[in-house]
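Report on one structure; see the data block that follows.
The values are calculated or read from the model by the stated rules, or taken from the named source; none is laboratory data. Keep in mind that what you see is a predicted model, and the values were worked out from it rather than measured. Neighbour counts are summed over all protein chains in view; Cβ atoms, including those assigned to glycine, are modelled from backbone coordinates with ideal geometry. Keep in mind that these areas ignore ligands, DNA and RNA; they rest on the heavy atoms of the full protein, side chains included. Shrake-Rupley method; radii C 1.70, N 1.55, O 1.52, S 1.80 Å.
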Amino acid sequence: LTLVTPLKSKQRRFKEPVKKHNLKVYPSSRTLPKEKQLAWKIAAVSADPVAVEDKVKEMIVNRIIDNAAVAIASINRHPVASARAQALAHPRDDGAVIFGIPNNQTIHAEWAAWANGTAVRELDFHDTFLAADYSHPADNIPPILAVAQQMNKSGRDLIRGLATGYEIQIDLVKGICLHEHKIDHIAHLGPSAAAGIGSLLELDTETIYQSIQQALHVTVSTRQSRKGEISSWKAYAPAHAGKLAIEAVDRCMRGEGSPSPIYEGEDSVIAWILGGPDALYQVPLPNNGEPKRAILESYTKEHSAEYQSQAIIDLSFSIRKKIEDWESIEKVTLYTSHHTHHVIGTGAKDPQKMDPMSSRETLDHSIMYILAVALQDGEWHHVRSYAPERANRADTVQLWQKISTVEDPAWTQRYHDPNPEKRAFGGRLEVEFSSGKKIVDELAVANAHPAGKKPFVRQDYIRKFKILTEGLVTDVESTRFLELVQNLPELNSNDIGEINVQLGTDSLAPSTRNSEGIF
């Protein structure tokens, strides 16, 4: 049986980017005017006062709800509690708020971004955009929201800042592949967060330009954080980038400059870290006066696992119904894209991805483990599916070792299709039995994807929020938060300070200063 699920035309009609910025290295002997530099052009987009469209506003609200849901679900995990403890050591009367903590207890914005960014990323359960590289654009929300709270900005200001953060990160991900050079994708997050903060605060183009350059300079790191035995730094990395972006903007608001040109210079990021002096990149950017719509091309997760496994989990739920004799399975092969095969598949050549004693972070990046559990259970749960006893179950380990991935050029091509209505992140699954029988099925995009069987809408985000916060958040607090954030365009600065989900002391793990740390 072969089933091909066509992409549905539920997204906006595809339109080629109006403008593509050509990006290459220039020798120091040839001065490149700053107006022609990528950082300046990003800053100009950020400073453009173009109105935000209603459909973009609605999606921003959805993603704030989504971030809060996954942050509260992770609130008592050790990395999140550690980040919160560090943040609480930096109180500020007119600062920002932290997930789980009462709204009248505020701290410095950069530390709120650190704590909240870690909580948001810990379960790897928020939104995603995939193109030339990877990204979780909602990582922009914690730093931009924290600055909005500390600087007494309105809901309209916050919307403008978040529309820019999403736009710039997604545009960079479309044009510049970091993974090819083993650079972590937070190198696109530093500039996008700085640009978003620039829009939020209505800074001039020069200040935003310097901020973007500083933010990129300090957020370049290697992908070892997502390789081998993956640690809690996977959650900390984007939070750190957001924190550094806030600090970069603060310095530049005080008149400080930056390494320049950071993308095109002779000793720049492109020259020595990415493609080198002969490389050419093309980054799409909106024209002056063109609305920032990129958030509409991103997508959130229904399942708490790496995005490239979302469609495969849905496919597993379907294909498991056709399996009658589990013991007679000889092998399971997933034919998929280059990225899926090399990042979370057997192409990564990480033995840890086949080890039941591996960390949750590692299992989250093992499509072989995810396939085994999803096939057997017919569900995916953010806690149960990663429990040590689940990973060590004998029949699961046996099936797990029979699973491998293969790169299929056709799926790689679909992964990189410039048309979002045709872009796909799934694969073809073949289950072979000792009798010679095969079950073959495929799925292009996850059910929750904008082009999937059941695209996420507002009620799905609210449902996800209620599921993930059940038992942690009171009904009164849940209702307060959801009603507040859904009125985002009308919120004043006092209301923005209330965009937080508060927990009772009996629901929150202790986060106090102790002898283990410095702060």
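The HN-Hα couplings worked out from phi for region 198-204 by the Karplus form 6.51 cos²θ - 1.76 cosθ + 1.60 (θ = phi - 60°) are x, 5, 3, 8, 6, 6, 6 Hz, whole numbers, x standing for Gly and Pro. For the chain, the relative contact order comes to 24 percent (Cα pairs under 8 Å, sequence separation of at least 6). Helical runs assigned H by DSSP (4 residues or longer) give the chain a calculated mean residue ellipticity at 222 nm of -12500 deg cm²/dmol, each run adding -39500 (n - 2.57) before division by the residue total.
Relative to one another, the C-alpha centroids of region 400-428 and region 148-217 are positioned 29 Å apart. Put simply, region 22-111 fits an ellipsoid with semi-axes of 37, 21, 15 Å; these come from the alpha carbon gyration tensor as the roots of five times its eigenvalues, largest first.
Over region 363-519, accessible surface divided per residue gives 47 Å², non-protein components excluded, 1.4 Å probe. At each listed q (0.20 Å⁻¹), what is the log10 of I(q)/I(0) that the Debye formula gives for region 209-308 modelled as equal alpha-carbon point scatterers? The calculated log intensity ratios at q = 0.20 Å⁻¹ are -1.29.
Calculated from the alpha-carbon coordinates, region 403-519 shows an Rg and a Dmax of 22.8, 67 Å respectively.
From the list [x] 17, 38, 24, 14, 6, 0; [y] 16, 40, 34, 10, 0; [z] 24, 56, 19, 1, can you say which value of P(r) over Cα pairs in 20 Å bins from 0, in percent was derived from the structure given? Computed from the coordinates, P(r) over Cα pairs in 20 Å bins from 0, in percent corresponds to [z].
How high is the relative contact order of region 208-272, in percent, with contacts defined as C-alpha pairs under 8 Å that are six or more residues apart? Could you put the intermediate results ahead of the total?
Working: 50 pairs, mean separation 30.9, N = 65.
Relative contact order here is 48 percent.
A quarter of the convex hull surface defined by the alpha-carbon atoms of region 44-86 gives 4.8 nm² as the mean projection.
For Lys19, the aspartates and glutamates whose Cα falls under 16 Å of its own Cα, not counting residues fewer than eight places away in the same chain, are Glu35, Asp48, Glu167, Asp171, Glu290. Taken per residue, the accessible surface of region 238-334 reaches 39 Å², heavy atoms only and a 1.4 Å probe. Checking the cross-link pairs Lys321/Lys453; Lys243/Lys466; Lys57/Lys292; Lys331/Lys437; Lys24/Lys243 against a 21 Å limit on the alpha carbon distance flags Lys243/Lys466; Lys24/Lys243 as lying beyond it.
Could you calculate the FRET efficiency of Ser434 with Leu484 from 1/(1 + (r/R0)^6), where r is the beta carbon distance between them and R0 is 56 Å, rounded to 0.05? Given R0 = 56 Å and the Cβ-Cβ separation, E is 0.45.
Could you work out the longest stretch of the chain that avoids the trypsin sites (Lys or Arg not before Pro) located in DSSP loops with at most 10 other Cβ atoms within 10 Å? In the chain, the maximal stretch lacking such sites is 31-253. Rolling a 1.4 Å probe over the protein heavy atoms of region 59-140, with every protein chain left in place, gives an accessible area that is 50 percent carbon and sulfur.
Can you give the accessible area per residue of region 90-217, in Å², using a 1.4 Å probe? Ligands and nucleic acids excluded, the figure is 21 Å² per residue.
Once the Cα atoms are used to define both axes, helix 475-485 deviates from the longest principal axis of the chain by about 60 degrees.
Dimensions of region 348-436 based on its C-alpha atoms, expressed as ranges along the principal axes with the largest first, amount to 42, 35, 27 Å.
Scaled against 2.2 N^0.38 Å for its residue count N, the alpha carbon radius of gyration of region 248-404 is 1.45.
In region 192-346, Cα pairs under 8 Å separated by at least six residues give a relative contact order of 19 percent. Counted by Cβ distance under 15 Å from Cys252, the other residues give a net charge of -4, where Lys and Arg count +1 and Asp and Glu count -1. Probe radius 1.4 Å, ligands and nucleic acids ignored: give me the carbon and sulfur share of the accessible area of region 218-327 as a rounded percent. Using a 1.4 Å probe with all protein chains present, region 218-327 comes out at 48 percent carbon and sulfur.
With a 1.4 Å probe and every protein chain kept in, tell me what percent of the accessible surface of region 397-437 is carbon plus sulfur.
Numbers: 890 of 1800 Å².
C and S atoms contribute 49 percent here.
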